[in-house]
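Have a look at the structure that comes next, please.
The values are calculated or read from the model by the stated rules, or taken from the named source; none is laboratory data. Note that this is a predicted model, so its numbers are computed, not measured. Glycine also receives a Cβ, built like all others from the backbone with ideal geometry; neighbour counts cover every protein chain displayed.
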Amino acid sequence: AQQPSWHAAAQPTGVVTSNSTQSVLYGVPVKSSYLEPVNCTLDFDREVVGFNASAFVITPPDAQILNFEQLAPSIYTFQLAAKVNANISVHLPPKAVRDISRVGNNVMTARFTVEYFAYP
């Protein structure tokens, strides 16, 4: 059955998780040592198309997404790295990703933060 034109299609959403060698705190920022790349996994709730690392908004601007790789139609891995002592935040802005039906995200998704700290 065709949906009424007023019905908003469900949009794709993504969740980034990390397995840091330092401490892993899900639901709060991952803490890691200075300049240590953080391994991340991005898992969308459905298959997405035409997605790549350039879709991310990353702060600070000199932080990097490294070794970006698609493992499955909805799963990606990458590393976040800072060139200087700085916390890193990434997210996908509205309209950054589309599913196979060409439905895009209307709100920010896949927000993730890494907080760097010095060893004692």
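Starting from the stretch 35-50, take each residue that is at negative phi and list its partners that are among the charged types (D, E, K, R) and assigned to a strand (DSSP E or B), counting only C-beta distances under 7 angstrom and pairs at least six apart or across chains.
Going by the 7 Å Cβ cut-off, the qualifying pairs are Arg46/Asp99; Glu47/Asp99; Val48/Arg98; Val48/Asp99; Val49/Arg98.
Can you find, within the stretch 33-89, the residue that is nearest to Glu115 (Cα to Cα) among those that are among the acidic types (Asp, Glu) and at pLDDT 90 or above? Let's see the steps before the verdict.
Restricting attention to the stretch 33-89, the residues satisfying the condition of being among the acidic types (Asp, Glu) are 36, 43, 45, 47, 62, 69.
From what is left, the residues that are at pLDDT 90 or above are 43, 45, 47, 69.
Numbers: Asp43: 21, Asp45: 26, Glu47: 30, Glu69: 23 Å.
Of everything passing the filter in the stretch 33-89, Asp43 is nearest to Glu115 (Cα to Cα).
Taking Pro94, is it modelled with pLDDT of 90 or more, within 13 Å of Gln11 (Cβ to Cβ), out of contact with any Leu (no Cβ under 7 Å at 6 or more places or on another chain) and not hydroxyl-bearing (Ser, Thr, Tyr)?
On the way: modelled with pLDDT of 90 or more: yes; within 13 Å of Gln11 (Cβ to Cβ): yes; out of contact with any Leu (no Cβ under 7 Å at 6 or more places or on another chain): yes; not hydroxyl-bearing (Ser, Thr, Tyr): yes.
Yes; evaluated as a whole, the condition is true for this residue.
If you don't mind, there's one more thing I want to ask. Working only within the stretch 51-80, note down all residues that are within 16 Å of Pro94 (Cα to Cα) and either touching a residue at least 12 places away in the same chain (Cβ under 8 Å) or of a type in the set (A, V, I, L, M, F, W, C) (or both).
Our first condition is that a residue be within 16 Å of Pro94 (Cα to Cα); within the stretch 51-80, this holds for 51-58.
Those that are within 16 Å of Pro94 (Cα to Cα) and either touching a residue at least 12 places away in the same chain (Cβ under 8 Å) or of a type in the set (A, V, I, L, M, F, W, C) (or both): Phe51, Asn52, Ala53, Ala55, Phe56, Val57, Ile58.
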